[in-house]
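Just below is one structure, and these are the notes that go with it.
The values are calculated or read from the model by the stated rules, or taken from the named source; none is laboratory data. Note that the structure is predicted; figures quoted are calculated from it, not measured. A quick note on method: Cβ atoms are made from the backbone with ideal geometry, for glycine too, and the neighbour counts reach across all protein chains shown. Just the protein is used for accessible areas: all its heavy atoms, side chains included, with ligands, DNA and RNA removed. Shrake-Rupley method; radii C 1.70, N 1.55, O 1.52, S 1.80 Å.
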Amino acid sequence: MSTIYDVIIIGAGPAGLAAGLYAGRARLKTLIIEKGSDGGQIAITDEIENYPGGMLGGESGPDLIKRFTAQAAHFGAERLTDNVQSVELTGEIKKVHCSKGDYEAKTVILATGATPRPIGCENEEEFIGKGVSYCATCDARFFEDFEVYVVGGGDSAVEEAMYLSKFARKVTIIHRRNELRAAKSIQEKAFANEKVHFMWDTVVQSLHGDGVLSSMVVKNVKTGELTTIEADPDDGMFGLFGFIGFLPFTSLYEGQVEMQNGYIVTDPDMHTNLPGVFAAGDLRVKSLRQVITAAADGAIAAMQAEHYLNQ
């Protein structure tokens, strides 16, 4: 541990790579640690249309993240592929303990992200990006004039169902209970929307299709009855959106940084409750989890790390 970095960034998704780019440009000695491939969720996203400055015809997540990675490297951010096992975030020098060694820095940016909570049905992973989605803002346009189904009953699920109704010809909310958990004001808007329908006391059991999602089996939780839902023959597929929450990757930081329901609490400048420790991207408490907001978080965190070091 002879080297003490100015900043260590844990995670190489959009937030971590943007932080690396800005930290490198600020001439900070920067180390980005990532256990897997760069990009987080967008590394498995087939097409991204809503990132400003992206290709008008749409571009793949891997292509976009490749440019993020190249920019961070261009400005001098060092890279390490390793698995972070524990961290010590208090004190003037922060310590990051990995499988291959230990690393020290004056500041740390936590950018390990979050992942959508899976629906929990058979064959779900097989159809991600082929009918299954967890982001209406990202993928609604791909289902214009198609039928879509939304799993969930909270505020997010109902709000996203109404957003999807601007594109899909029919939206059906599948909920395991016989009433929604969303706020009454949100429910009223959904019930008044002619495109939004409801399937109560129901869970999705399994998904099927030849390359794309074209049928699913649902189960009534009260009667145990199984029903097979088939895509309209003219469509050949339908969409299934899961909105039952996210799983932030924050267990490493428990007991050290302040959290709320597993998400890290920050101020608008990405400061956590610990001096010299910042958080950026989907793992922090925020209202919108998108590539653009993650990148913005990373840029702010890096600049705040520089200010902290200067002071």
Practice item. Might you let me know whether segment 114-126 holds any residue that is at pLDDT below 95, open to solvent by less than 30 Å² (accessible area, probe 1.4 Å) and closer than 30 Å to residue 35 by Cα? Key: yes
**Study point:** Candidates 67, 79, 27, filtered to the one that is basic (Lys, Arg), open to solvent by 70 Å² or more (accessible area, probe 1.4 Å) and in a helix (DSSP H, G or I)
**Key:** 67
Check your understanding: From the list 207, 213, which residue is assigned to a strand (DSSP E or B), closer than 22 Å to residue 126 by Cα, in contact with a helix residue (DSSP H, G or I) (Cβ under 6 Å, 6 or more places away or on another chain) and not charged (D, E, K, R)?
Key -> 207
Practice item. State all residues of segment 163-183 that are modelled with pLDDT under 95 and either among the small types (Gly, Ala, Ser) or part of a helix (DSSP H, G or I) (or both); if no residue qualifies, say none. Key: 163, 182, 183
Review point. Could we say that residue 189 is at pLDDT 95 or above, basic (Lys, Arg) and open to solvent by 50 Å² or more (accessible area, probe 1.4 Å) here?
Key: no
Review point. Can you name the condition, by its number, that residue 270 falls short on among (1) more than 21 Å from residue 29 (Cα to Cα); (2) open to solvent by less than 20 Å² (accessible area, probe 1.4 Å)?
Key: (1)
**Study point:** First in segment 281-310 and at positive phi and in contact (Cβ under 8 Å) with a residue 40 or more places away in the chain, second anywhere and of a type in the set (Asp, Glu) and open to solvent by less than 30 Å² (accessible area, probe 1.4 Å), Cβ under 9 Å, 6 or more apart
**Key:** 281/297
Review point. Within segment 92-103, can one find any residue that is crowded, with 20+ Cβ neighbours inside 10 Å and touching a helix residue (DSSP H, G or I) at 6+ places or on another chain (Cβ under 9 Å)?
Key: no
Point to revise | Residue within segment 58-66 that is of a type outside the set (D, E, K, R) and free of Cβ contacts under 8 Å to residues at least 12 places away in the same chain present | key: yes
Point to revise | In segment 140-174, residue least open to solvent (accessible area, probe 1.4 Å) [restricted to those that are closer than 19 Å to residue 50 by Cα, in contact (Cβ under 8 Å) with a residue 40 or more places away in the chain and among the aromatic types (Phe, Trp, Tyr)] | key: 143
Review point. Among the residues of segment 273-288, which ones are out of contact with any Asp or Glu (no Cβ under 9 Å at 6 or more places or on another chain) and either of a type in the set (Ser, Thr, Tyr) or open to solvent by less than 10 Å² (accessible area, probe 1.4 Å) (or both)?
Key: 277, 283, 287
Study note, to complete from the structure: Going through (1) within 25 Å of residue 28 (Cβ to Cβ); (2) in contact with a helix residue (DSSP H, G or I) (Cβ under 9 Å, 6 or more places away or on another chain); (3) surrounded by fewer than 24 Cβ atoms within 10 Å (Cβ to Cβ) one by one, residue 245 fails only at (1)
Exercise for review: May I ask you to say which residue of 67, 25 is modelled with pLDDT of 95 or more and under 20 Å from residue 300 (Cα atoms)?
Suggested key: 25
Revision key, fill the gap. Flagged in segment 126-149 as β-branched (Val, Ile, Thr) and in contact with a strand residue (DSSP E or B) (Cβ under 7 Å, 6 or more places away or on another chain), in numbering order, are 132, 148
Review point. Is there a residue being open to solvent by 80 Å² or more (accessible area, probe 1.4 Å), hydrophobic (A, V, I, L, M, F, W, C) and under 27 Å from residue 301 (Cβ atoms) anywhere in segment 249-257?
Key: yes
